[in-house]
Amino acid sequence: MKTHRNADVSAVLSSRPLVLVTVIALGVQIAALLLLGEPGIFGLLVPTVVVLISNSVLWGRARRAAARQPESSSDKEAVLNLGAQAASLVEKHVCLDSALGERMQEVNKETEAAAMSLIRRVRRLSDAAEKLLAYLGNSNVQTGGMEQEIGDSVAFITRIGTFVQELPERLEQDVTNMRKAGDEINQLVSFAYVIKDISKQTNLLALNASIEAARAGQSGGGFSVVADEVRKLSERSGKAAVMIEEGLARAQETMENGLKFSFLGDSAQQMRDAGKVVDSIRRLEESHDEMHRYYKTLFGVVTEHNTSLATEIGEMLGEIQFQDVVRQRIERIVATMDSRNGLLQAFFRELAASGTELVHIPGQMERLFDDYLNNEARHGAVGGAMPADAGLPKIELF
Amino acid sequence: MTKTILIVDDSATMLLSVRNNLEIAGFKVETAEDGVKALGKLKAGLKPDLVITDINMPNMNGMELIRNIRALPGFRFTPILTLTTESQAAKRDEGKAAGATGWLVKPVGGADLLKIIRQVLPGA
């Protein structure tokens, strides 16, 4: 680094007179500040480096001038005059550097504010993505619960649909059974007629028995009692037969009324409608399954994208660390400029006052320059301008 | 159980960016602006599972902080990572000797930072 710097100085030394080089360098700085308005980091750094080099020339020339022992009073006066001019120039240079330093600190503050704002926005973005994912996750769980309910409902409604489909056939069977029961009743009605007829004949027989008992006189008294009981029995049988006949007639009427109200007239339409209901329910179930699969896929895709988003956000937050790196580099430049200007002012004040050799200050300047380069090299892995220790990883666990 | 990480840095940008990166990843985060404040929090009872510290800080720099943390009872094995602009071997060696667990040179990407944290915090 030192060799590199000395090479630069030698090159400049052989090119231009002392004052001209410094004035040009200062002109570049002033132009950067005035014309660019917001010169930014490169607008500030480039002219600063030029001035550093030109000052190296200045110190070399001045030191050699001071090293020469003035042979006459006019030579000594020339050295003093040169020192006074250089001191005046350095004062202006210090004012300019002060302004540049302030601008650099402003740049630091502005980039820090922008970085902080960016971090907050990125965090809000991350939070929004996280909420979306939580919402989708919750919806997925709810959909799972709904799936179970829908499955149960579909099974229930399907059973009802099947029942409705089978209902006409069952009704047909019931009507057939009712007709058979009607036939049985009709047969019972004929039996009731037979009972009535038997009752009439029994009654007639009892009457004849009573007549014959009366003819027999006292010896037919017991038979007369039996004949009377038989007559009473026949009357009760006749009444029972009438009641059975009437009951059967009512049952027949009820059954015939029931058969008049038939479902069978609309059974074909009912079957078609029932079939449609069952088909509709099955289609609804298939649609729900499809929707649920789509929802699961959607959830998976969103989760994947959200993970990717979180990774990118993490990387972005890492990149923002550059602001801190740049801040430290700018602060190092400003501190080095302040130290350098202090040395320059001291050098030229003493030179103007004494006109003697001031070898210690150029030495301090060299050390300052070396310190700056060494410190800056610590950021070599970031900026690449100065090499850091080769081969060292950016991340190392001990 | 949520792991707690203490971040120590004098840069507000660093504190906010690293805090957000770690919070999004599910960590609980505490912060301090320099070594003195960090040490104060630890002495007041904060018991982080990991400390991530800058090196160049006012009041108390990272090297001093690491040495002081290692001297505290109960912090002998607490992992301490440095997150710094210092990339030179001499500084790393100094950090290692002070008791640092690892050396990270800024800037470190979010994924790399989480990867290294999960290496020193198994189960995190």
*Name the residues whose placed amide hydrogens come within less than 5 Å of the amide hydrogen of B:Ile52, ignoring near sequence neighbours (fewer than 5 apart) on the same chain.*
B:Leu6, B:Ile7, B:Val8, B:Leu81
_Could you derive backbone 3J(HN,Hα) for the stretch A:308-323 from the dihedral phi with the Karplus parameters 6.51, -1.76 and 1.60 (θ = phi - 60°), listing whole Hz in sequence and x where the residue is Gly or Pro?_
4, 4, 4, 5, 5, 4, x, 5, 4, 5, x, 5, 5, 4, 4, 4
_Global geometry of the stretch A:182-236, whether rounded, prolate or oblate, following the gyration tensor of its Cα atoms and the 1.5 cut on a/c_ = prolate
*Which of A:Lys109/B:Lys96; A:Lys180/A:Lys232; B:Lys37/B:Lys96; A:Lys394/B:Lys43; B:Lys91/B:Lys115 have a Cα-Cα distance over 26 Å?*
A:Lys109/B:Lys96; A:Lys180/A:Lys232; A:Lys394/B:Lys43
*Which cross-chain or sequence-distant (5 or more) residues have an amide H under 5 Å from the amide H of B:Asp34, H modelled 1.01 Å from N in plane?*
B:Asp9
*Spin-label model distance (nm) - A:Ser339 vs A:Lys131, 7 Å beyond Cα toward Cβ*: 5.1 nm
_Test of understanding: what is the full-extension gain from A:Ala155 to A:Lys296, defined as 0.36 nm times their sequence separation minus their Cα-Cα distance?_
48.4 nm
*Determine the dipole magnitude for chain B: charges of +1 sit on the beta-carbon of Lys and Arg, -1 on that of Asp and Glu, nothing else is charged, the reference point is the Cα centre, and the result goes in debye to the nearest 20.*
440 debye
*Can you give the helix-only mean residue ellipticity at 222 nm for chain B, where every DSSP H stretch with n ≥ 4 adds -39500 (n - 2.57) and the sum goes over all residues, rounded to the nearest 500 deg cm²/dmol?*
-13000 deg cm²/dmol
*asked:* Just want the ordering: A:Arg340, A:Arg293, from fewest to most Cβ atoms lying within 10 Å of their own Cβ.
replied: A:Arg293, A:Arg340
_For A:Leu118, A:Leu298, A:Leu351, which order do you get if you count the other beta carbons within 10 Å of each Cβ and list the fewest first?_
A:Leu298, A:Leu118, A:Leu351
_Cα-projected label distance for A:Leu373 with A:Val242, points at 7 Å along beta-carbon direction, nm_ = 14.5 nm
*Scattering from the C-alpha atoms of the stretch A:148-225 alone, worked out with Debye: what is log10 I(q)/I(0) at q = 0.24 1/Å?*
-1.01
*Can you bin chain B into rounded, prolate or oblate? Criterion: square roots of the alpha carbon gyration tensor eigenvalues sorted a ≥ b ≥ c, rounded for a/c under 1.5, prolate for a/b above b/c, oblate for the rest.*
rounded
*asked:* Take A:Ser287 and A:Asn186, extend 7 Å from each Cα along the Cα→Cβ direction, and tell me the distance between the two endpoints in nm.
replied: 5.3 nm
*Between A:Gln252 and A:Glu229, what FRET efficiency follows from the Cβ-Cβ distance if R0 is 35 Å, with the result rounded to 0.05?*
0.50
*If contacts are Cα pairs under 8 angstrom and at least 6 residues apart, what is the relative contact order of chain B in percent?*
23 percent
*Please arrange A:His305, A:His93, A:His288 by counting, for each residue, the other beta carbons lying within 10 Å of its beta carbon, fewest first.*
A:His305, A:His288, A:His93
*Would you tell me the mean number of C-beta atoms belonging to other protein chains that fall within 10 Å of each C-beta in B:7-18, as a whole number?*
6
_Förster radius 41 Å - calculated FRET efficiency between A:Asn177 and A:Asn208, Cβ distance, rounded to 0.05_ = 0.30
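Every number here is computed from the coordinates shown, using simple stated rules; none is lab data. Predicted model, so just to flag it, every value in this text is computed and none were measured. Every residue, glycine among them, receives a Cβ derived from its backbone with ideal geometry; neighbour counts consider all protein chains shown.
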